[in-house]
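The values are calculated or read from the model by the stated rules, or taken from the named source; none is laboratory data. Small disclaimer: the values here were computed from a predicted structure and weren't measured. So basically every Cβ, Gly included, is an ideal-geometry build from the backbone, and we count neighbours across all protein chains shown. Side chains are part of the model used for accessible areas, which takes the heavy atoms of the whole protein and leaves out ligands, DNA and RNA. Shrake-Rupley method; radii C 1.70, N 1.55, O 1.52, S 1.80 Å.
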Amino acid sequence: MSNPAPAVLEAVLERITYANEENGYTVARVDTGRGGDLLTVVGALLGAQPGESLRMEGRWGSHPQFGKQFLVDNYTTILPATIQGIRRYLGSGLIKGIGPVMADRIVGHFGVDTLDIIEEQPKRLVEVPGLGPKRTKMIAVAWEEQKVIKEVMIFLQGVGVSTSIAVRIYKKYGDASISVVRSEPYRLAADVWGIGFLTADRIAQSVGIPHDSPARVKAGLQYALSQSTDQGHCFLPEDQLISDAVKLLAVDTGLVIECLAELAAEEEGVVRETVPGPDGGGELVTAVYLVPFHRAELSLAGQVRRLLRTGEDRMPAFQDVAWDKALAWLAGRTGAKLAPEQEQAVRLALTEKVAVLTGGPGCGKSFTVRSIVELARARKAKVVLAAPTGRAAKRLAELTGADASTVHRLLELRPGGDAAYDRDRPLDADLVVVDEASMLDLLLANKLVKAVAPGAHLLLVGDVDQLPSVGAGEVLRDLLAEKGPVPQVRLTRIFRQAQQSGVVTNAHRINSGVHPITQGLSDFFLFVEDETDEAGLLTVDVAARRIPAKFGLDPRRDIQVLAPMHRGPAGAGALNALLQQAITPARPELPEKRFGGRVFRVGDKVTQIRNNYEKGANGVFNGTVGVVTSLSLDDQQLTVLTDEDEEVPYDFDELDELTHAYAVTIHRSQGSEYPAVVIPVTTGAWMMLQRNLLYTAVTRAKKLVVLVGSRRAIGQAVRTVSAGRRFTALDHRLSGAGSSA
């Protein structure tokens, strides 16, 4: 059968029904101006906005369900010529500062000359009621920027780049965008968030860079290493890196080996070093690191050893304290006596420069921390408290009655990731206590430890049996290594009142490989549903309706759905869409913003998905949760109130940094605590089901856990001990090998 003949269609874009931000595939409805119903067009409509007049080249086709449609190969924008078209074009949110109401006013004033006025005499916009000089200037700048972005968009459309990424490329390089994309496309992967090697590689192919170019192979090697840090590894064994790169790049092994040697010789390339293998069997491996991770591992190990060795002590009073008296005074203050292992932890934290306190729920970690802080303050010590997330910091503050902040705020991290406090300007603290330390990744732990003054005491508190940090490394586990130099206490005794909690009891059962009790408890339930799709729907019903009705909890504030994975019918992605529908449905009188496949509304629970040092007072970080409190189509901006009580504005072109958080993956929930959690545990997530994953999810709940899914899937999670350690050499360096002092 022959292909349909090429055709041209001119029409006004009315609305976008679906847009895939990754590949730009769009389904839209257009008005041909000939009366009758709107027509469906599908295909490459990157960057097109409702209200624009489009000249589309493509073919006519037919869809079995949706009927006649036009298949677009490419398009150009024609500025609208009618008053109606201009009004719709300006009101679409295309130009910052102009929303639907203001578009009506401007078009009402200037009529068909509106676009010429904005283009050639933008100062005349002040003639429009309600438009002052400031807003006029903003509109003029946005119009100019939009024109250049359009040029960049049209060029990038030819090389298959999505709208949101095109905007980001423009923000990074401005007028130089096209020349960078043409001549150095692999720079994009390093410079622009959201562009990985694969997108840069696709662009490079389109602009004619050879398949076996050394620039391509080096970029591919760095991408493979960067992917491995996303999986939590600090390095990759050289053999594994070479085989990963050969697969990724489809080039000759010899070429990869040559390019790796060249990268290792470059100052900002990679570092090769021989370290012990991960299984501790005495074999050595050649580790290949990205430079920042190698520096951080050396620095962190060296700094911990320096703190341990220093002769200075900022809390000397505790070296010869009468412990019996001190502990008796403490019991009078707190109204409870410490258990022997808690006493040991208190002494350790106050006499050793670096100490680690670990243990599961109900074993008294919190009370031990409170006791340490009470004693330190009684001796007038300056105590600083921090945790990796806003929620964990709030909890630490409530527990101790003292201020606590996130680690990022404590260090005052700045654009570029540098901290205001470091070795040259340490924190003014005698005792630094960091809770939820299992969440500390290598890069953050290095920044933190660097900022601890010589002679100050550092106490890291966390549950080593939880999932390791989202970022690279296994810092808490490495610090607890058997023959390591760091003093440590593991609390193991579950206190009597904690034994009455089904949540605590089952957390310990799961952690020791025993199936949780799911009947006869008032705070731990299982809704059995073997079908993954049905389990997803039941999870939504439990979180949005059943728990609020039975326990009076707020579905947005108090209940968190924790999914083992993002994909699938019971994954965080699908559950977020269903939960948003149930908890924050669309309302005709309220504005909303569609971005990619998501819709943002006032009241939405959202989370930040990358570290952005430019936002907020001290940056907004991966995992920060908040609620959308306002959304303006005129200003093209929404505001999020974070769980650190900070109002943070987001321009609409930054919305790829936000995702909904009605459901989050268990990995993303670390360090947070919620009154109630609902956990879908289905065979659809089979590969992810591991003991530390389910244990981490259950330990996020303060009062109530509801599992939804199959007993078989729960059994799989309880039985499966996480396979393989992450590639890290921190424990080896802490013991004194390969570390700079």
### Task
First obtain the Kirkwood hydrodynamic radius of region 339-391 from its Cα pairs, then insert it into the Stokes-Einstein equation at 20 °C and 1.002 mPa s, and state the resulting D in µm² per second as a whole number.
178 µm²/s
### Task
Grab the other residues whose beta carbon is less than 11 angstrom from that of residue 601, score K and R as +1, D and E as -1, and report the net.
+3
### Query
Which of the aspartates and glutamates could be linked to residue 615 by a straight reach, that is with a Cα gap under 12 Å, when you skip same-chain ones fewer than 8 residues away?
646, 647, 651, 654, 657
### Query
Applying the Karplus parametrisation 6.51 cos²θ - 1.76 cosθ + 1.60 with θ = phi - 60° to the phi angles of region 187-201, what ³J(HN,Hα) value in whole Hz is obtained for each residue in order, glycine and proline being reported as x?
4, 4, 5, 7, 8, 10, 5, x, 9, x, 4, 5, 5, 4, 5
#### Entry: Helix 390-400 axis, angle to the chain major axis (alpha carbon atoms, nearest 10°)
30 degrees
### Query
What angle do you read, to the nearest 10 degrees and between 0 and 90, between the alpha-carbon axis of helix 100-110 and the longest principal axis of the chain?
30 degrees
### Query
Mind checking which lysines have their C-alpha under 29 Å from residue 337, skipping anything on the same chain fewer than 8 residues away?
325, 353, 365, 380, 382, 394, 702, 703
### Task
Quote to one decimal, in nm, the extra length available between residue 617 and residue 398 on full extension: 0.36 nm per residue of separation minus the C-alpha distance between them.
76.6 nm
### Summary
Taking region 261-386, the equivalent ellipsoid from its C-alpha gyration tensor has semi-axes in Å, biggest first, of 42, 17, 13
## Note on the structure
Rounded to whole angstroms and listed largest first, the alpha-carbon spread of region 598-704 along its three principal axes comes to 47, 26, 24
### Query
Cα gyration tensor of region 89-136, axes a ≥ b ≥ c as square roots of the eigenvalues: rounded (a/c below 1.5), prolate (a/b > b/c) or oblate?
rounded
### Message
Which of rounded, prolate or oblate describes region 375-498 when judged by the alpha-carbon gyration tensor and an a/c cut-off of 1.5?
### Response
rounded
### Message
In Å², and per residue, what accessible area does region 323-437 have when probed at 1.4 Å with the other protein chains present?
### Response
41 Å²
### Query
Per the 1.4 Å probe, what fraction of the accessible area of the chain, in percent, lies on carbon and sulfur atoms?
50 percent
### Query
Taking only the alpha-carbon atoms of region 23-73, what semi-axes of the equivalent ellipsoid follow from 5 times the gyration tensor eigenvalues under a square root, in whole Å, largest first?
16, 15, 10
## Note on the structure
Percent relative contact order for the chain, counting Cα pairs under 8 Å at least six residues apart, stands at 11 percent
#### Entry: P(r) of region 237-307 over all Cα-Cα pairs, binned every 5 Å from zero, in whole percent
3, 15, 19, 21, 19, 12, 6, 3, 1, 0
### Task
Under 9 Å from the Cβ of residue 662, count the other residues' Cβ atoms, weight Lys and Arg +1, Asp and Glu -1, and hand me the total.
+1
### Message
At 20 °C and a viscosity of 1.002 mPa s, what translational diffusion coefficient does Stokes-Einstein give for region 351-432, taking Rh as the Kirkwood radius over Cα pairs? Give it in µm²/s as a whole number.
### Response
153 µm²/s
### Query
With each run of n ≥ 4 DSSP H residues scored as -39500 (n - 2.57), what mean residue ellipticity at 222 nm is computed for the chain after dividing by its residue count and rounding to the nearest 500 deg cm²/dmol?
-11000 deg cm²/dmol
### Cα-based shape type of region 363-402, given that a ≥ b ≥ c are square roots of the gyration tensor eigenvalues and the cut on a/c is 1.5
oblate
### Query
Which values of log₁₀ I(q)/I(0), to two decimal places, follow from the Debye formula for the chain at q = 0.08, 0.11 Å⁻¹ with a uniform point scatterer at every Cα?
-0.76, -1.31
### Task
Using the Karplus curve 6.51 cos²θ - 1.76 cosθ + 1.60 with θ = phi - 60°, work out ³J(HN,Hα) for each residue of region 652-669 in order, rounded to whole Hz, and write x for Gly and Pro.
4, 7, 9, 6, 6, 8, 10, 9, 5, 10, 4, 10, 10, 6, 4, 4, 6, 8
### Sequence ranges 493-501, 541-549, 404-412, ranked by mean other-Cβ count within 10 angstrom, highest first
404-412, 541-549, 493-501
### Message
In Å², and per residue, what accessible area does region 17-91 have when probed at 1.4 Å with the other protein chains present?
### Response
50 Å²
### Task
Mind checking the per residue accessible area of region 171-278 for me, 1.4 Å probe, whole number of Å²?
47 Å²
### Summary
So, relative contact order of region 539-691 in percent, Cα under 8 Å, 6 or more apart, is 30 percent
## Note on the structure
Among beta bridges assigned by DSSP with both residues in the chain, the antiparallel ones amount in percent, to the nearest 5, to 60 percent
### Query
Over the alpha carbons of region 532-666, what is the largest minus smallest coordinate on each principal axis, giving the biggest first in Å?
40, 33, 29
### Message
Let me see the P(r) profile for region 406-469: every Cα-Cα distance counted, bins of 5 Å, each bin given as a percent of all pairs.
### Response
4, 18, 28, 25, 15, 8, 2
